[in-house]
1. When you scan the stretch 149-178, how many residues do you find that are outside any helix (DSSP H, G or I), at pLDDT 95 or above and surrounded by 14 or more Cβ atoms within 10 Å (Cβ to Cβ)?
2. Among the residues of the stretch 86-108, which ones are modelled with pLDDT of 95 or more, closer than 16 Å to PHE296 by Cβ and either among the acidic types (Asp, Glu) or not in a strand (DSSP E or B) (or both)?
3. Could you check how many residues of the stretch 259-301 are hydrophobic (A, V, I, L, M, F, W, C), over 29 Å from THR23 (Cβ atoms) and out of contact with any strand residue (DSSP E or B) (no Cβ under 9 Å at 6 or more places or on another chain)?
4. Tally up the residues in the stretch 232-253 that are among the charged types (D, E, K, R) and either in contact with a Leu (Cβ under 7 Å, 6 or more places away or on another chain) or under 13 Å from LYS199 (Cβ atoms) (or both), please.
5. Name the single residue, out of those in the stretch 39-77 being part of a helix (DSSP H, G or I) and crowded, with 17+ Cβ neighbours inside 10 Å, that is farthest from the chain's Cα centre (by Cα).
6. Take SER271 and decide whether it is at pLDDT 95 or above, closer than 15 Å to TYR107 by Cβ and surrounded by fewer than 17 Cβ atoms within 10 Å (Cβ to Cβ).
7. Could you list, ordered by first residue, the pairs with Cβ atoms under 8 Å in which the first is in the stretch 71-91 and under 18 Å from ALA281 (Cβ atoms) and the second is modelled with pLDDT of 90 or more and in a helix (DSSP H, G or I), at least 6 apart or interchain?
8. Collect the residues in the stretch 281-297 that are within 16 Å of the chain's Cα centre (by Cα) and either surrounded by fewer than 20 Cβ atoms within 10 Å (Cβ to Cβ) or hydrophobic (A, V, I, L, M, F, W, C) (or both), keeping them in residue-number order.
Amino acid sequence: MKVLICDKTEKEYIDQMRAAGLTVDVRDDITPEELMTVLPDYDGMVVRSRTKVRQPLIDVCPNLKVIVRGGAGLDTIDHEYAKSKGIAVMNTPLANSDSVAELAIGYMLMMARSLYQATASMKAEKWDKKSFNGDEIGGKTLGLIGVGNIGKGVAKRASVMGMTVVAYDPYVKEIDGIKLVTLDELLAQADYISLHLPKTKESAGMIGKEQFNKMKNGVRIVNCARGGIVDENALYEALTSGKVAGAALDVFNEEPPTDWKLLKLENVIGSPHIGAATKEAQARVGAEVAEKLITFSKNGK
């Protein structure tokens with residue numbers, strides 16, 4: 001089986017695939033235009049967040065049998081269309097869960113204690129101690145929108161730190177240690193809201209002006225899930241009005257953003273979609289990608 005690696009994958013696991021008899025080519029800087037001409041020669045491909053696999057690309061690849069995405073979501077792939085063409089689509093939902101959960105918790109702590117602003121002040125050679133009275137997150141209510149693997153990881157860590165955790169997930173009926181509530185109940189109760197769900201037709205834009213109006217004054221928002229779930233214009237309005245005290249964003253509607261106004265707000269901190277960017281997660285992703293492709297090459301599934 002001939003496989004094209006389109007995004008960064010650990011060399012150790014590329015070597016594993018080759019040792020198992022797969023022909024593996026690495027083009028982890030390939031452009032969308034190049035992909036259209038190169039990919040038709042391959043049976044399989046490995047992608048991360050950077051590479052998008054849409055219907056026009058699928059249509060020019062009659063030999064393609066399997067797409068493996070290193071990561072939890074499939075929103076960068078027209079996966080239903082691919083499956084309709086007989087192409088297997090796989091991901092690695094567990095591999096980066098801990099890394100994303102830790103980032104979400106870290107963001108909550110940063111906002112509670114204004115750590116980004118305090119650091120910036122110190123770098124400017126200021127000793128402005130009186131400006132940085134913060135909050136404890138213990139005793140606060142965390143509302144999780146989505147309780148898959150990452151959401152569960154956030155809940156476990158938040159509970160240990162003394163937070164009360166409530167969650168909304170229409171696909172989950174019950175879950176140990178977490179009280180499931182309606183979305184409106186979550187919005188009304190939560191001091192912190194953290195998103196951990198895929199971007200779908202149903203979830204796109206689900207947090208907008210109407211939802212912000214239902215939140216507590218001074219709520220803080222964390223989005224380490226997908227851009228486009230939160231209406232960025234409505235979030236901007238909520239942040240500038242004081243309705244939302246702070247936001248921490250690892251994902252954006254456009255990546256990289258073309259409009260940076262959110263990131264220029266003093267009460268917003270952000271990062272360039274680095275939720276899974278830890279050494280440990282990269283190793284787990286690479287191992288799982290290799291395992292899935294080697295198994296597929298032997299069994300066809």
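The values are calculated or read from the model by the stated rules, or taken from the named source; none is laboratory data. Since the model is a prediction, treat every value here as computed from it, not as a measurement. Cβ placement follows ideal geometry from the backbone for every residue including glycine, while neighbour counts extend to all protein chains displayed.
1. Looking only at the stretch 149-178, we keep the residues that are outside any helix (DSSP H, G or I), and these are 161-178.
From what's left, at pLDDT 95 or above: 161-169.
Okay, now just the ones that are also surrounded by 14 or more Cβ atoms within 10 Å (Cβ to Cβ), so 161, 163-169.
Here the count works out to 8.
2. GLY86, ILE87
3. Narrowing the stretch 259-301 to residues hydrophobic (A, V, I, L, M, F, W, C): 260, 262-263, 265, 268-269, 274, 276-277, 281, 283, 285, 287, 289-290, 293-294, 296.
Those still in the list that are over 29 Å from THR23 (Cβ atoms) too: 260, 262-263, 265, 268-269, 274.
Now restrict to residues that are out of contact with any strand residue (DSSP E or B) (no Cβ under 9 Å at 6 or more places or on another chain): 260, 274.
Residues meeting the conditions: 2.
4. Narrowing the stretch 232-253 to residues among the charged types (D, E, K, R): 232, 237, 243, 250.
Adding the requirement that they be either in contact with a Leu (Cβ under 7 Å, 6 or more places away or on another chain) or under 13 Å from LYS199 (Cβ atoms) (or both) leaves 232, 250.
Number of matching residues: 2.
5. Looking only at the stretch 39-77, we keep the residues that are part of a helix (DSSP H, G or I), and these are 39-41, 55-59.
Okay, now just the ones that are also crowded, with 17+ Cβ neighbours inside 10 Å, so 39, 57-58.
Values: LEU39: 26, LEU57: 24, ILE58: 24 Å.
Within the stretch 39-77, the match that is farthest from the chain's Cα centre (by Cα) is LEU39.
6. Numbers: at pLDDT 95 or above: yes; closer than 15 Å to TYR107 by Cβ: yes; surrounded by fewer than 17 Cβ atoms within 10 Å (Cβ to Cβ): yes.
Against the criterion (at pLDDT 95 or above, closer than 15 Å to TYR107 by Cβ and surrounded by fewer than 17 Cβ atoms within 10 Å (Cβ to Cβ)), SER271 qualifies.
7. From the stretch 71-91, the pairs are GLY71/VAL285; ALA72/SER97; ALA72/VAL100; ALA72/ASN149; ALA72/ILE150; MET90/LYS292; MET90/PHE296.
8. Across the stretch 281-297, the qualifying residues are ALA281, VAL285.
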